[in-house]
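The values are calculated or read from the model by the stated rules, or taken from the named source; none is laboratory data. Please read all numbers here as calculations on a predicted model, not as lab measurements. Counting neighbours? That spans all protein chains shown, and the Cβs are built from the backbone with ideal geometry, glycine included. Only protein heavy atoms, including side chains, enter the accessible area calculation; ligands, DNA and RNA are left aside. Shrake-Rupley method; radii C 1.70, N 1.55, O 1.52, S 1.80 Å.
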Protein chains: 2
Amino acid sequence: MRPGILFVVVGPSGVGKDTLIDGARAALSADPRFVFARRLITRPADAGGEDHEAISEEALLALGRDGGLLATWGAHGLRYGLPISLRDDLLAGRHVVANGSRGVLKDLAATVPRMIVLSITASPDVVARRLAGRGRESAEEIALRLARAAPDLSDALEVLTVTNDGAPDEGIEQLLSVIDAATRRLVLKPLPIDGWRDSIVYLPADGILGVEEFDGPGKVDLAGGGRSIRARVNVVDAGTLLAPHEIGLSREAFATLGLPAGSEVSLTRTPPQRSRDALRAKVQGRELDADDYETVLRDIVEGRYPDSEIAAFLVAATRSLSDAEVGALASVRAGFSTPLRWDEPIVVDKHSMGGIPGSRITLIVAPIVAAHGLAMPKTSSRAITSAAGTADAMEVLAKVDLTVDDVRRTVEQARACIAWNGRLNHSAVDDVMNAITRPLGIDSNRWSVASIISKKLTAGSTHVAVDLPYGRRAKLRSEAEARELAALFETVGRSVGLHVEAVATCGAGPIGRGIGPALEVRDVLWVLEGHEQAPADLREKALAFAGRILSWDPAIATQERGRARAAELLASGAARQALDGIVAAQGRREIVPKPAALTHTVRASCPGRIGEIDGWCIAGIARRAGAPFDKGAGIDLLRGVGDDVTAGEGLFTIHASAGPDLEAAVAMAAQDDGFVLAR
Amino acid sequence: MRPGILFVVVGPSGVGKDTLIDGARAALSADPRFVFARRLITRPADAGGEDHEAISEEALLALGRDGGLLATWGAHGLRYGLPISLRDDLLAGRHVVANGSRGVLKDLAATVPRMIVLSITASPDVVARRLAGRGRESAEEIALRLARAAPDLSDALEVLTVTNDGAPDEGIEQLLSVIDAATRRLVLKPLPIDGWRDSIVYLPADGILGVEEFDGPGKVDLAGGGRSIRARVNVVDAGTLLAPHEIGLSREAFATLGLPAGSEVSLTRTPPQRSRDALRAKVQGRELDADDYETVLRDIVEGRYPDSEIAAFLVAATRSLSDAEVGALASVRAGFSTPLRWDEPIVVDKHSMGGIPGSRITLIVAPIVAAHGLAMPKTSSRAITSAAGTADAMEVLAKVDLTVDDVRRTVEQARACIAWNGRLNHSAVDDVMNAITRPLGIDSNRWSVASIISKKLTAGSTHVAVDLPYGRRAKLRSEAEARELAALFETVGRSVGLHVEAVATCGAGPIGRGIGPALEVRDVLWVLEGHEQAPADLREKALAFAGRILSWDPAIATQERGRARAAELLASGAARQALDGIVAAQGRREIVPKPAALTHTVRASCPGRIGEIDGWCIAGIARRAGAPFDKGAGIDLLRGVGDDVTAGEGLFTIHASAGPDLEAAVAMAAQDDGFVLAR
């Protein structure tokens, strides 16, 4: 049996202590869990005031000496005592409410197992009014009394404050609610159960809270010590794993909450979703506005929906999303993150949707833009299914796992950065959504537009160029599809105050020669250094995007002049130098990985003209060779779309660091090398 | 420490025992969990055969007397013994495999804690060939040996059989797999945890199976004693709630499995969904064929998908479902149930989609059809949100909770039945789907068509009339919508070999006067008995549907003649008598509830013409008065759409059995009585 709590009510005269205690006693009179202490007072029984036991001072002191009192104290010329029998109540699990005095709190706390001080306060005006109303003291006496500061309560005591500035009923209500919350606290006990990513709390069937309040398919919030988690409830039989005042936590729940075993915590039912009607409306095919999306996404992120309902919402949203909805989603999602603020008139960005192998123009565009002087805080992804993401390639040269402060400092020093977006643009919305959409293969370009635009907003960009490659092997299958998405990007950008220029580009085959981090960086450096082997297509695409971005500088204004300026910065070596500045600011890699030494050249089995190169297939071979984790692994294309080849002529060289990787990649290429020859 | 299992291998000469044991010994030589018994044999050590310890007969018998043997037996002129040290191996948790003899099994079982007999068998031909190959016996001796039947093994022993008819490697493989499965069995232990409808099994972290094999988000199948459940896995710390050989079950899992604590069970990972690609394709908006739906629905029903993926599938399916897909779904769903077969050329049915209050034509149509002589095994629903379903109304007169045999007998005796569909058409698919679609408010008419047609197929119907009421307050809002759905019903019916005639009917207001079970039955009897108060609209609609159904009898052939025949059966009292026959066959209610005695009449507050009656509103008032659970409660309409009323004229009378119900219904009607007056 867990002992009850001794609630000691303290507070200055005039604060309304007696009124609140009387009110609470009346409200809890039928509740057997509570006892209100009847005090011993050296005042005649018929002298009015609280119901007390009259006793002489001598008898009271004698009782104290004989161990008959829990505590005794003097005040206003009287002596007070709390009978020792209250301890039996406490040990029997009953909570005791007693009118006390600050002076005896420390002694009392040492005498009883659990004690909470209920400190009643009120503003000085209110207290002064109440004291004046009693008419026992003069105005001066009252002012003097109020000027005496209340002594600080010891830090070792648990003190809960009740403010009694309003009507008596309000104060009583508040006192009752503080008492109730304190008695409903549970003691944390980790259970040796691992629910596999499921946070589970276990309630004893005979628990002090009553399981019917928390049972069912919904979730609960568990809070204590400034921390909280949301969890599912399981119930354990009475008398087995948990005492009635305990709450069990699965390993995941215990680790996430992070409080020590034995901590006191409080449990509440997770409030229902405010957004339920909106979510249902979307599932049933209707259009939502920004307010709807705000509440739906918040309830999703805060774990108020079961997975089935999130999945239903996502499927519905990927099926139909109007332009206005994409805009609403973009701004709502941006609101979920703290945006970066730049003290710049123009902050540019560039995004490419749907990976084309080798298309590493960001590593050329960002240095050109930086060399010109515009700010470009670029964040990029790592590869998920491709042979290298921009972040993987940049990591060949520099550290990319930057903090927000690193990004700020790099852009300050070098005008641009090329950072990994994983840490910077982390989105709780994406986490929840991806967990559900990936197994189902749900992918919606319109939903992605909202996500991309929201991230650009969060990054503090003002102008964004979007590259939309289309092709039979690209994510966007046709020019029409790419153009439609481009229009959506620009419309949505406008609706949230972002200047977006989205361009459909040819994605018929890889761009550049290298595929894999180090090989792609080699191409990039060839372009920046004007090397004779620099891939013309990579240089051309980079110049086109750089020119477009530079045209946003009012001093340049047109894309033609932008392109000319970009070419000039490339030719002069200024862009190469800018990349060096960015690398230095982000943190230069000491050893720069080179293309891996083990190679095998895949050759044409018959003569013909190369009609198509399947980027997914080539990326698959490069990954099999070790990219992107092995920076040096990948593919070096020897021939491109439109080239004529003779039988036995090399098509591409596979690079790998380990023999088995090379062998596996060669075997994969023997199955399908991705080259479609038109004889 | 749980003791190991003593595996005693037995079988007749020539069955290949030695070969199998040698093979198993070689395969398990590196596994410390297994010990292979080295026997004591009264045969010189260098005499060949198995590796044994040579001992004299006297010494062996002496050893036996001194407690040095687990067992001893004689065979083929030799004496064999198993050393007592094997018991130490067993008690240390190691499994022992021993070549034994049928004669000592009972004694052995009494000596060791766990024992399994591995009975090696082979077909007589194979054994004869093997024995002949050894050349030790003549053909006659072999024939004689084979003719001796093997003695039956005691029922008290656990015997696992290995058939050794093929190559030695196959036999060894089989023996190893039987041994492995036996050592992987777990002992069932109910844990005092209630996972709230979640079946959870708990594995100890140090369990004999290794948790990594079962951990993760997937499910497991737990089987034993011919029963099995599918459950989620939680892991408990070593040395806490479970011993290594135990498996814990949550209360729900334990109750569902239904085996006693201590039972041995085996655990396997639930196989992945075969239908994953099909489900993903549907989620991504593609069309599925019947084979796809077959596998998807089966995997859903068998619990292989998480709720999120079922929800995604259902949302996608409610968004787009081609006519062909509705047909595929209908036949696939029908395949999930065992269809009723009728020895009848024509089996008719009738279905109404979207409840119109009071429209109880089934209770008139079925008796007419029965009186004519066609078979009509009708199953109907109870009310979900309305004031009465057909089953609720029929229950005023007869038992409706019929078994399949009851239905058969009733149709045999009375040509028709009107039974509750809850028990008869129970669908596991619907159970899973409803649990997910109801909270989301997903409702798809096209999906419903597949469900309805599949149920008619399962009921064994050949001809079905479908009533599709449309109106501003009906489920189908417009005539066009109703007609489109009618066409779909007929197309899908054709595709599965069912003659369906679907008719759009006017659903502008209630049909008949009474709303609520007893009041609706009163209307029905008025029609069947030619009472002057019989509602004309109810009679007319019933005759139209009955006439259409009778026209399927080749002897009648046209709807006009069908209607005339129906009217004749009504006028002659034959239909009334047929209802009586149906009631008698289903089981007559002894006390037929009458409209409830407490009444209140709601009156027009101003004069006008009744433009519309809101069926949902009226049904809500009837339910508030107690319908459908209180059979006598409901509403009696005094006026209909198109009637002129004066201020204070009665619009409808509320019937209730209890004062508070009447008051609540009256209060509800005072808010909105559902009558729209055009002044």
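Key figures for this structure:
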read-out: Positions within the range A:409-444 being assigned to a helix (DSSP H, G or I), touching a strand residue (DSSP E or B) at 6+ places or on another chain (Cβ under 8 Å) and in contact (Cβ under 8 Å) with a residue 60 or more places away in the chain, in sequence order; value: A:Thr410, A:Val411
read-out: All helices (runs of 4 or more DSSP H) inside the range B:16-132 with 2 or more residues being within 54 Å of the chain's Cα centre (by Cα) and β-branched (Val, Ile, Thr); value: B:17-27
read-out: Qualifying residues in the range A:640-679 (those that are of a type in the set (Ser, Thr, Tyr) and not in a strand (DSSP E or B)) - the one surrounded by the most Cβ atoms within 10 Å (Cβ to Cβ); value: A:Ser657
read-out: Residue in the range B:135-148 that is open to solvent by 70 Å² or more (accessible area, probe 1.4 Å), modelled with pLDDT under 90 and among the acidic types (Asp, Glu) present; value: yes
read-out: Residues of the range B:269-297 that turn out to be in contact (Cβ under 8 Å) with a residue 24 or more places away in the chain and in contact with a Phe, Trp or Tyr (Cβ under 8 Å, 6 or more places away or on another chain), as a count; value: 6
read-out: Residues of the range B:204-217 classified as open to solvent by 10 Å² or more (accessible area, probe 1.4 Å), within 14 Å of chain A (Cβ to nearest Cβ) and either farther than 26 Å from B:Ala435 by Cβ or modelled with pLDDT of 90 or more (or both), total; value: 7
read-out: Residue under evaluation B:Arg87, criteria (1) without any contact (Cβ under 8 Å) to a residue 40 or more places away in the chain; (2) within 22 Å of B:Arg185 (Cα to Cα); (3) exposed (fewer than 13 other Cβ atoms within 10 Å of the Cβ), criterion not met; value: (3)
read-out: Candidate set: the range B:233-266, residues that are open to solvent by less than 10 Å² (accessible area, probe 1.4 Å) and touching a residue at least 60 places away in the same chain (Cβ under 8 Å); chosen: the one farthest from the other protein chains (Cβ to nearest Cβ); value: B:Val265
read-out: Condition check for B:Thr505: part of a strand (DSSP E or B) and hydroxyl-bearing (Ser, Thr, Tyr); value: yes
read-out: Boolean, B:Leu209 is aliphatic (A, V, I, L, M) and touching a residue at least 60 places away in the same chain (Cβ under 8 Å); value: no
read-out: Matching residues in the range B:471-502 - criterion: being in a strand (DSSP E or B) and either open to solvent by 70 Å² or more (accessible area, probe 1.4 Å) or without any contact (Cβ under 8 Å) to a residue 40 or more places away in the chain (or both); value: B:His499, B:Ala502
read-out: Residue that is farthest from B:Ile172 (Cα to Cα) [pool: residues in the range B:23-57 that are touching a residue at least 12 places away in the same chain (Cβ under 8 Å) and open to solvent by 70 Å² or more (accessible area, probe 1.4 Å)]; value: B:Glu57
read-out: Test result for B:Ile591, assigned to a helix (DSSP H, G or I), among the aliphatic types (A, V, I, L, M) and farther than 26 Å from B:Gly640 by Cβ; value: no
read-out: Residue list for the range B:272-284, filter: open to solvent by 60 Å² or more (accessible area, probe 1.4 Å) and under 23 Å from the mean Cα position of the chain (by Cα); value: B:Pro272, B:Arg274
read-out: Any hit, the range A:435-451, residues being buried (at least 19 other Cβ atoms within 10 Å of the Cβ) and under 23 Å from A:Ala585 (Cα atoms); value: no
read-out: Which numbered condition A:Asp180 misses (of (1) assigned to a loop (DSSP other than H, G, I, E, B); (2) at pLDDT 90 or above); value: (1)
read-out: B:Ala585 being in contact with a helix residue (DSSP H, G or I) (Cβ under 8 Å, 6 or more places away or on another chain), closer than 30 Å to B:Val400 by Cα and at pLDDT 95 or above; value: yes
read-out: Inter-residue pairs, beta-carbon under 8 Å, first farther than 18 Å from A:Trp420 by Cβ and in the range A:581-593, second open to solvent by 80 Å² or more (accessible area, probe 1.4 Å), 6+ apart; value: A:Gly581/A:Gln413
read-out: Meets criteria (farther than 30 Å from A:Ile208 by Cβ and surrounded by 13 or more Cβ atoms within 10 Å (Cβ to Cβ)) for A:Leu60; value: yes
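Listed here are the residues, each with its yes/no results for (1) open to solvent by 50 Å² or more (accessible area, probe 1.4 Å); (2) over 20 Å from the mean Cα position of the chain (by Cα); (3) small (Gly, Ala, Ser).
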{"position": "B:Ile310", "(1), (2), (3)": "no, no, no"}
{"position": "B:Thr318", "(1), (2), (3)": "no, yes, no"}
{"position": "B:Ser322", "(1), (2), (3)": "no, yes, yes"}
{"position": "B:Glu325", "(1), (2), (3)": "no, yes, no"}
{"position": "B:Ala328", "(1), (2), (3)": "no, yes, yes"}
{"position": "B:Arg333", "(1), (2), (3)": "no, no, no"}
{"position": "B:Ser337", "(1), (2), (3)": "no, no, yes"}
{"position": "B:Asp343", "(1), (2), (3)": "yes, yes, no"}
